[in-house]
Amino acid sequence: MDNKASISLRIDGRDVTVDEGATILDAARQAGIRIPTLCHHPALPPYGGCRLCVVEVDGAPRLAASCVMPVRAGMDVVTVNERILETRKTVLEFLFSERPHHCMVCSQSGDCELQSLAYEHGLDHFEVPGLNDEFPLDTTHPDLVLDHNRCVLCGRCVRACRDVAGNMVLDFHNRGGRAMIGADLSDQLGQSSCVSCGLCLQVCPTGALYLRHRTHYAVGGKARDRRSVPSVCPSCGLLCPTVNEVLSDHLIRITTPWDNPGAAQGQLCRKGRLDPFRELGPRLSRPMIRNEEGEWAETSEEEAQAAAGRLLAGWIRNHGRSTLFGLISGRRSNEEAAAFRRFMTIALEGARIDTLAGNAFRNLSRLEETGVRGEPPIEAAGEADFLLFLGDGFAQSHPILLSLARKARLDHGAPLIVLGPKNPLGPWASIHLSASASETKNLLNRLANGEAGNDNLEEVRIVAQAWAEARHPLLVLSPEYLAASDPGILHAALALAGRKRTEGKDAGVVPLRPEGNSAGLWGVGAASTEPWNEPERFRGGLVVLDGDELPDADETRALAAAEALAVITPYQIPTWMEKAAVLLPTPTLMEIEGHFASYDGGRSVFKTRVRPAPQGVRPLEDTLALVEDHLRSALKARSDAGGRPMWMEASS
Amino acid sequence: MTVKPKVATVWLEGCAGCHMSFLDLDERLLDILGKIQLTVSPITDFKDYDFSETTLGIIEGAVGNEEQEEVVHRLRRCSSLVMAWGDCAVFGGINTLRNQYTPGELIRAGYIEPPLGPGQVAPNDPVLPRLLPRVVAVDQVVTVDIHVPGCPPSPQVLFYALGEILGGRRPRIPPDILHYD
Ligand code: SF4
Ligand code: SF4
Ligand code: FES
C-alpha cells in the first residue's frame, strides 16, 4: 500500500480529511455530502464533461467541476447556494435542449438519470425550447440500440468501452453541436467491431444505448417497479455474479456488480448479459408427440410422459438396453445431473450414460490418470505475455477471453495468435493462421522441436520467434479440439508447454470445457469413462438439453439412426425434433436454481432462480421421475407393439 | 359573502387528459369548487369565452393554430395568473411531432394525397383557423406564471398546485410529484 499524504479541507463548513489526489467529489462523498453528477461514474475514469457537479471553491467567481478538481489543503468548498443551483439548472436545460427529449413518449422515462436530475432540481419547464429535429436511431446491432435522440454526450459509454472493456469501439465523432457518439469510423453498430459485451448498456445514464430485447416491456418498466434478483451466470464456468432486473416475471436487464471478482471488473460477456434474452427457438411449453401421420402435435403432460415410457420400454423389450443411451447437456445443474444419473442407472440400467461433448471429459480424465494435468485459470489469459488460441470455438464458449486477450495485448503487448478456421479476434489478432486440426497439431509439434523458426511462411517464423521470447505464455484450447475423438492437439499443446517449462518459463494450457457446467456434470458421474464403442449401433434413448448445444462427433454418429428418442428441452430445436419421437418441456437456466461448478470443477456455487418457469413446465427432476414410473409400468404390462414403427408406439 | 376567485380553463392542442385528471380529483373537487367560481371551461361548456376578471387562467394543450394563439392572448390579458397544465402546454408535447414538417406538407399528406371518397374535399372553409408554422409551448406565446408538467399531470400534482395558489402561495412542485410523463 502506498502511503498517501492526508489533506484537510472544508466542505460546507465541515472539516474533511482525505488522501492526496482525491477529487472534491470524492471528499464530499466521503463526508456524506451529496453533489449531483451525470457524466461521472464511479467505475470509470473521471471526465468533467457535463459540469453538473459544479461547486464554489474559495468563493472564486468561476465554479469548479468537483468530479475532476483535486483537493488542495485548506480549500473552502461550498456545494450548494443559489448561484450553484442556478448553474446546475442551466446545465440541465442546455442538455435537454440539445436533443429532442420528449419524456412523455420516451420508454426510458422513470429510469433516466437526466430526468431524475431535472426532477431533483425542480425544473418544471424549460426556457430554452427543446429541439424537434430527429436524430438517427441505430438499430443495426443484434442486441443494442443506439438512440441518439436521448444521448447527452456524457461519454460514459466511450470510457467504458475503451478504459474498462478495452474494446475502443465507441468514441465521439464530430465536434461541438454536431458531436455524436459513433462506432469505429462512423460505422453502424451492427457493422462495427463491437463484441457485444454490453458494458455500455450498464453505464448509459439516459438509455440512449439500450438492450433491444427489452423494449416492448419497457413501457411502464420503471426502476421502482422492478425486482433485482442476485444470481450467477452459469454459462462458461467463471460463474460471474449477476444482478437480474425482473418486472412481473419478464427479464429486463442483467448487470454485474462493479466489484465483480470474476474475470474483469464490472464486465459480463455476451453470454451472461445478452444471451439470456435470446429465444433459441419457439419455447416448448407443452409436451409434444408425433401423431399418426408422424407430425408434431401438442399433448397432455401425462400422455407425453406415458408415450416416452412406452417408447423406451418397447425398445427395451424388442432390442434390449445396450443400444440405448442417455445424454445430458453440460449446462444443466448438478442436482439435475444427479437426477439424470439416477434415472439412467436405475430405470435405464445397462444403457450408455454421457454428457453432450463427452469426449472432452474422457480426454481430460485420461490426462489426470497420467498426472500430466495442472491447468492455469482462465483469468490467467489477461496476464499472459503470449496467447495462442487453438481453434476458434473459444469465442463462442468463453467470450470473456476476447476481453482478456485485448487486456493482455494492451497491458503487456502480448502477441495474440489464432490457429483456426476463423479469427474471432479480428484486428486484435497479431497473426491468424487459418489452420485445420492436423495443420494445427503439426505446427505445435514443430514449435516444440524448434523447426518452425525456419518455415517458409513468414507468419509461422514470427510465431516461432514470439514463442521463443515468451516468458509466461498461455495456450488456449478451444472446446472443439478438447472434445475431438483424437486428442492429438491437446497432447501436442501440453508437450509444447512442457518443453517451455523445462526452460524455466511459466507456460500453461487452458483446455476449455464445452459448456459452463461440464465439470460439475463430470463430477456427479453423468459422463462415461468408456469411449463410444461403435456409435452407429445405437438407436435412441433420452436427451436432456438446455438449448442449442451440440453433440460431439461420436455422439452425432450415435444419434444418426435414432429410432426411439425422447428429448427433454426448453425449446423446439429443429435438429433434435427431426430425430425425436417425444418432446418434454423443461425450465431454462434462468428458471432453475441449483449448484454449478466452476470450469475446472474446483468451486461450486448455488445459483438462485431468476424467474419462474412457465405454467405447467416442471423441474427436470420431476419429469424424469414421472417418465421412470411410466417406463416401469410399461415394462410390466405385456402389450404387443406389433411391427409398427417406433414413433407410432409413442403415440398409441 | 366573500367573492370567490374566478377560474377559467381552456383546452387547446391537447387530448383533454389534463382536464380528465382534474375530474379525477373525485371528492376533493367539491373542496376546490367550493373555493372558486368556474367560469369558462370545457367542463361547463359555456360557448362565449368571457374571460373578464379571471383570477386564474388555466391552459391545457399547446398552441398550434391561429385561434389557439388568440385564445391564449385573450386569456392572458384577462387573467392575473396563468397556469399551464400538462406537457403539451408546458413543452409542446406530442403535437410537436408535426414540427418536422411544414403545414403545407401536413395538409397535403393528410387530405390531398390520400384518395378522397366521392363528394369529399379537403377542408378549406375560410372560418377554419390556419395552422401556425410550428406548434409551441404556451410560454413561447405569452408569459406563464405556473407550470405543471405531466402527461397527464396527476390529480395529486394538480391538487397541490391549486391548493398552493388558493392559499396565496406560488407552487414549487416537490421532486416526488414532479413528473414529465
Ligand atoms: S432520455 Fe430521459 S430525459 Fe430524455 S426524453 Fe427520455 S426520459 Fe426524458
Ligand atoms: S450513449 Fe449514453 S453513455 Fe454514451 S454518451 Fe450518450 S448518454 Fe452518455
Ligand atoms: S459529473 Fe462532474 S462534470 Fe459531469
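If a residue has to be within 16 Å of ligand 3 (Cβ to nearest atom) and under 30 Å from B:C88 (Cβ atoms) to count, how many in the stretch A:125-170 make the cut?
Number satisfying all stated conditions: 4.
Which residue is nearest to the other protein chains (Cβ to nearest Cβ), if the candidates are limited to the stretch A:89-108 and must be over 19 Å from A:F135 (Cα atoms) and surrounded by fewer than 22 Cβ atoms within 10 Å (Cβ to Cβ)?
Out of the qualifying residues, it is A:K89.
Of B:Q140, B:Q156, which residue is facing chain A (nearest Cβ under 10 Å) and surrounded by fewer than 19 Cβ atoms within 10 Å (Cβ to Cβ)?
B:Q140
Enumerate the helices (runs of 4 or more DSSP H) found wholly within the stretch A:500-594, keeping only those where 3 or more residues are charged (D, E, K, R).
Per the criteria, A:553-559.
Any idea which of (1) at pLDDT 90 or above; (2) out of contact with any strand residue (DSSP E or B) (no Cβ under 7 Å at 6 or more places or on another chain) is the one A:L550 doesn't satisfy?
Unmet condition: (1).
When the stretch A:154-170 is examined, which residues are found to be small (G, A, S) and under 18 Å from A:T256 (Cα atoms)?
A:A160, A:A165, A:G166
Take the conditions in the same structural domain as A:I11 (by TED's automatic domain parsing), within 16 Å of ligand 1 (Cβ to nearest atom) and crowded, with 20+ Cβ neighbours inside 10 Å and apply them to A:C50. Does it pass?
For A:C50, the condition - in the same structural domain as A:I11 (by TED's automatic domain parsing), within 16 Å of ligand 1 (Cβ to nearest atom) and crowded, with 20+ Cβ neighbours inside 10 Å - is met.
Of everything in the stretch B:76-94, what is facing another protein chain (nearest Cβ under 10 Å) and either buried (at least 19 other Cβ atoms within 10 Å of the Cβ) or at pLDDT 95 or above (or both)? Give them in sequence order.
The answer is B:A84, B:G86, B:D87, B:C88, B:A89, B:V90, B:F91, B:G92, B:G93.
Here is a check on your reading of the model: is B:L97 more than 14 Å from every other protein chain (Cβ to nearest Cβ) and surrounded by 13 or more Cβ atoms within 10 Å (Cβ to Cβ)?
Taking the combined requirement at face value, the residue does not satisfy it.
Restricting attention to the stretch A:127-141, report how many residues are in a loop (DSSP other than H, G, I, E, B) and within 15 Å of ligand 2 (Cβ to nearest atom).
Residues in the stretch A:127-141 being in a loop (DSSP other than H, G, I, E, B) and within 15 Å of ligand 2 (Cβ to nearest atom): 4 in total.
Inspect all residues belonging to the stretch A:42-56 and state whether any of them is within 16 Å of ligand 2 (Cβ to nearest atom), among the charged types (D, E, K, R) and at pLDDT 95 or above.
yes
From the residues in the stretch B:159-181 that are touching a residue at least 40 places away in the same chain (Cβ under 8 Å) and among the hydrophobic types (A, V, I, L, M, F, W, C), which one is farthest from the other protein chains (Cβ to nearest Cβ)?
B:L166
Across the stretch A:159-175, what is the total count of residues that are more than 10 Å from ligand 2 (Cβ to nearest atom) and either over 17 Å from A:V195 (Cα atoms) or within 14 Å of chain B (Cβ to nearest Cβ) (or both)?
Here the count works out to 3.
So, restricting to strands (runs of 3 or more DSSP E) that lie completely within the stretch B:27-130, which ones have at least 2 residues that are out of contact with any Gly (no Cβ under 8 Å at 6 or more places or on another chain), under 29 Å from A:D124 (Cβ atoms) and among the β-branched types (V, I, T)?
In the stretch B:27-130, the matching strands (runs of 3 or more DSSP E) lie at B:54-60.
Taking B:P133 as meeting all but one of (1) surrounded by fewer than 23 Cβ atoms within 10 Å (Cβ to Cβ); (2) away from chain A (no Cβ under 14 Å), write down the number of the exception.
The single condition B:P133 does not satisfy is (2).
What's the number of the condition A:E120 fails, among (1) of a type outside the set (A, V, I, L, M, F, W, C); (2) in contact (Cβ under 8 Å) with a residue 60 or more places away in the chain; (3) more than 16 Å from ligand 3 (Cβ to nearest atom)?
Among (1) of a type outside the set (A, V, I, L, M, F, W, C); (2) in contact (Cβ under 8 Å) with a residue 60 or more places away in the chain; (3) more than 16 Å from ligand 3 (Cβ to nearest atom), the lone unmet condition for A:E120 is (3).
Could you list, in sequence order, the residues of the stretch A:314-335 that are crowded, with 24+ Cβ neighbours inside 10 Å and among the small types (G, A, S)?
Correct list: A:G326, A:S329, A:G330, A:S333.
In the list A:D124, A:D111, which residue meets the criterion of being out of contact with any Lys or Arg (no Cβ under 7 Å at 6 or more places or on another chain), within 16 Å of ligand 1 (Cβ to nearest atom), within 14 Å of chain B (Cβ to nearest Cβ) and not in a helix (DSSP H, G or I)?
A:D124
Taking the stretch A:17-41, which residues are within 11 Å of ligand 3 (Cβ to nearest atom) and either within 14 Å of another protein chain (Cβ to nearest Cβ) or touching a residue at least 40 places away in the same chain (Cβ under 8 Å) (or both)?
A:T23, A:I24, A:L25, A:I35, A:P36, A:L38, A:C39, A:H41
Keeping to the stretch A:130-158, report how many residues are facing chain B (nearest Cβ under 8 Å) and either buried (at least 18 other Cβ atoms within 10 Å of the Cβ) or under 26 Å from A:A65 (Cα atoms) (or both).
Within the stretch A:130-158, residues that are facing chain B (nearest Cβ under 8 Å) and either buried (at least 18 other Cβ atoms within 10 Å of the Cβ) or under 26 Å from A:A65 (Cα atoms) (or both) number 1.
Please name all residue pairs, on different chains or six or more residues apart, with Cβ atoms under 7 Å, provided the first residue is in the stretch A:323-334 and is at positive phi and the second residue is part of a loop (DSSP other than H, G, I, E, B).
none
The values are calculated or read from the model by the stated rules, or taken from the named source; none is laboratory data. From a predicted model like this one, the values you see are computed outputs, not experimental measurements. In this analysis, Cβ positions are derived from the backbone assuming ideal geometry, glycine residues included, and neighbour counts consider all displayed protein chains.
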